[in-house]
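Structure first, then comments.
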Amino acid sequence: MDAVVIGAGIGGLATAAFLQRSGIHAHVYEQAPALRPLGAGIVLAPNAIRLLRRLGLMEALERCALRVRTGWEFRRWQNGEVLLSQDMSQCEQLYGEAAWLVHRADLLDVLLSSVAPETIHLDHRCVALEQSASDASVTFANGASVRADLLIGADGIHSAVRHHLVGELAARDSGLCAWRAMIPSEQLPERYAEPTQTLWLGPGRHLVHYPVSAGRAINIVAFTPAAPGETVESWTAVGDPSDFRREFAGWAPMVDELLDTVTQVGRWAVLDRTPIHRYVHGRIALLGDAAHPMLPFFAQGAGQAIEDAAALASSIEEAGDLTQALSAYERVRVPRTIQVQEASHDRATVNHYPDGPEQRARDLSFAGQDPLKHSDWLYGYDAQAEARKAVHA
C-alpha cells in the first residue's frame, strides 16, 4: 500500500512513522521550504507517551524532554497560594507511563528520526485533490502531483485538505487570546527549572509555566481577554512584552519575576470550532488539527494527533481491506476526540472564574480532588488497542 501524508507537523510525522513501521510506503509532503523550529512547550501525557515508546522513541525523547516527577501545581493569582499540588509519580503506577514536558521543535526532531529521510518532501503546497474508487491524487503549487492508495490530511488547523472536502470550519470567537514566550533558564531562579507544570488561576485569565529542552528553557503560555475583532490565529504572530506584563499587573511577585524576563512574546487569537463527525471521505482521511482543532486548555492537541496516527496505522494492520480500516478509524476517533474537545472547551470557563462564590467553591473543591484518578478516561486510553477492537466491531 502507498500513502501520501500532507503536512509534516506532529500528526503528519507521527503518521508516517507508524505507517512505515507497519510496512506501508508512506511519503510526507510539507508546504514549507524548510522544517523550522516553530512553537513552544508541549505536555505529553501517558496516553501519548505509551505510543511513542512503541515507536522506540523514548531514548531520544529522554535526551530533550523532562519527566514530570514533582507534579503540577494550581496557584491563586493574588498571593501564590497553592490550591492543588499533584504528585505526578502516580502516573506510572496508574497508567504505566509518566508525563513529559518537551519543546515542540524537539518533539518534531524525535519524530523525524523515525521517518525515512527520503520520504520527506518540502516545498510542496497542496492546491488540488482528486480521487477515484481505486486511488487518490494531490497536485502541488510547484506543479508536481502524486497518486497513492490513501491520502491523509495532517496539515493543521487551516487544512487545505479539509477545506477541499468540507469547506472552511466556522470559527467561534472564544473571547481569548494566547501569549507564548520562552526564557533561558539561566535568567531565572532555580525553582523555575523544577519539572513541575505550574498553573496560576485568576479572574478572566490564567498563566502556565514549566521547563523544556532538558531544562535549558522555561516555557510560558497564558490566556487573557482578546481585543475586539482580534482574529489573527498564527503561532508566528508577535505581541508586545510590555502589554503582556500589563495583563498580569497586580498578580503575585513570582509572576512579576517571571514576566520581567520576557523580551519576545507571541500573541494570537484563540478561536474555537464546532466538532465535525466525519474524518474519512473515500480514500482521504483527516487527522490531528485538520480533523479536530481544539482549545489548548487540556494540553491534548499533540497527544490526540499521535493517537490518531497510531489508530490509523493499527486499523490498517488489523483490517482486511482499506475501506474496513478507514471505517474503523473514523468510528473510534470521532467520539474520542470530540470528548477531549468538549473537555478543553469547558476548562476555559472554570479556570477564569472571577473572585467570588464560584471561584471559592472551585478552590475548595481542589482539596478533595485526585485529578489523576479522575483522568483514567484520558490517560489510560490505548489508541492502538481501541482501533483494533473497532475493526471487528
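Number of residues in the stretch 162-206 that are among the polar types (S, T, N, Q), within 19 Å of the chain's Cα centre (by Cα) and more than 24 Å from Leu44 (Cα to Cα) equals 1.
Within the stretch 353-370, the set of residues being touching a residue at least 12 places away in the same chain (Cβ under 8 Å) and polar (S, T, N, Q) comprises Gln359, Gln369. For Ala105, indicate whether it is outside any loop (DSSP other than H, G, I, E, B), among the small types (Gly, Ala, Ser) and under 25 Å from Asp123 (Cβ atoms). So Ala105 fits the description; yes.
Annotation note: of Ala328, Ala309, the sole residue that is crowded, with 23+ Cβ neighbours inside 10 Å, among the small types (Gly, Ala, Ser), over 18 Å from Ile10 (Cα atoms) and out of contact with any Lys or Arg (no Cβ under 6 Å at 6 or more places or on another chain) is Ala328. If you check Asp106, Asp135 for being in contact with a helix residue (DSSP H, G or I) (Cβ under 6 Å, 6 or more places away or on another chain) and open to solvent by less than 40 Å² (accessible area, probe 1.4 Å), only one passes: Asp106.
Arg388 fulfils the conditions (1) modelled with pLDDT under 95; (2) more than 15 Å from Arg50 (Cα to Cα); (3) open to solvent by 40 Å² or more (accessible area, probe 1.4 Å) except for a single criterion, (1). Exactly one residue out of Asp346, Asp370, Asp363 is assigned to a loop (DSSP other than H, G, I, E, B) and among the charged types (D, E, K, R): that is Asp370.
Anything in the stretch 242-260 that is among the aliphatic types (A, V, I, L, M) and open to solvent by 60 Å² or more (accessible area, probe 1.4 Å)? List them, or say none. Selection gives Ala249 alone.
Among the residues of the stretch 266-288, those that are at pLDDT 95 or above and not in a loop (DSSP other than H, G, I, E, B) comprise Val280, His281, Ile284, Ala285, Leu286, Gly288. Where strands (runs of 3 or more DSSP E) fall entirely within the stretch 1-90, those with at least 2 residues that are among the hydrophobic types (A, V, I, L, M, F, W, C) and within 30 Å of Glu118 (Cβ to Cβ) are at 2-6, 25-29, 41-44. Of note, Ser375 does not satisfy the criterion of being touching a helix residue (DSSP H, G or I) at 6+ places or on another chain (Cβ under 6 Å) and either surrounded by 13 or more Cβ atoms within 10 Å (Cβ to Cβ) or at pLDDT below 85 (or both).
Listed here are the residues, each with its yes/no results for (1) modelled with pLDDT of 95 or more; (2) not charged (D, E, K, R).
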{"position": "Glu317", "(1), (2)": "yes, no"}
{"position": "Gln324", "(1), (2)": "yes, yes"}
{"position": "Ser327", "(1), (2)": "yes, yes"}
{"position": "Val332", "(1), (2)": "yes, yes"}
{"position": "Glu342", "(1), (2)": "no, no"}
{"position": "Ala348", "(1), (2)": "no, yes"}
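Number of residues in the stretch 108-136 that are closer than 15 Å to Ala14 by Cα and in a strand (DSSP E or B) equals 1.
Does Asp173 satisfy the condition of being open to solvent by 10 Å² or more (accessible area, probe 1.4 Å) and not in a strand (DSSP E or B)? No; evaluated as a whole, the condition is false for this residue. Going by what's in this entry, would Tyr381 be described as more than 30 Å from Asn79 (Cβ to Cβ), touching a residue at least 12 places away in the same chain (Cβ under 8 Å) and not in a helix (DSSP H, G or I)? Considered against the rule, which asks whether it is more than 30 Å from Asn79 (Cβ to Cβ), touching a residue at least 12 places away in the same chain (Cβ under 8 Å) and not in a helix (DSSP H, G or I), Tyr381 comes out as yes.
When Gly96 is tested against (1) under 30 Å from Ala249 (Cβ atoms); (2) open to solvent by 30 Å² or more (accessible area, probe 1.4 Å); (3) in contact with a helix residue (DSSP H, G or I) (Cβ under 8 Å, 6 or more places away or on another chain), exactly one condition is not met: (1).
The values are calculated or read from the model by the stated rules, or taken from the named source; none is laboratory data. Source: prediction; values computed, not measured. As a convention, Cβ positions derive from the backbone with ideal geometry for all residues, glycine included, and neighbour counts pool all protein chains shown. For accessibility, only protein heavy atoms count, side chains too; no ligands or nucleic acids. Shrake-Rupley method; radii C 1.70, N 1.55, O 1.52, S 1.80 Å.
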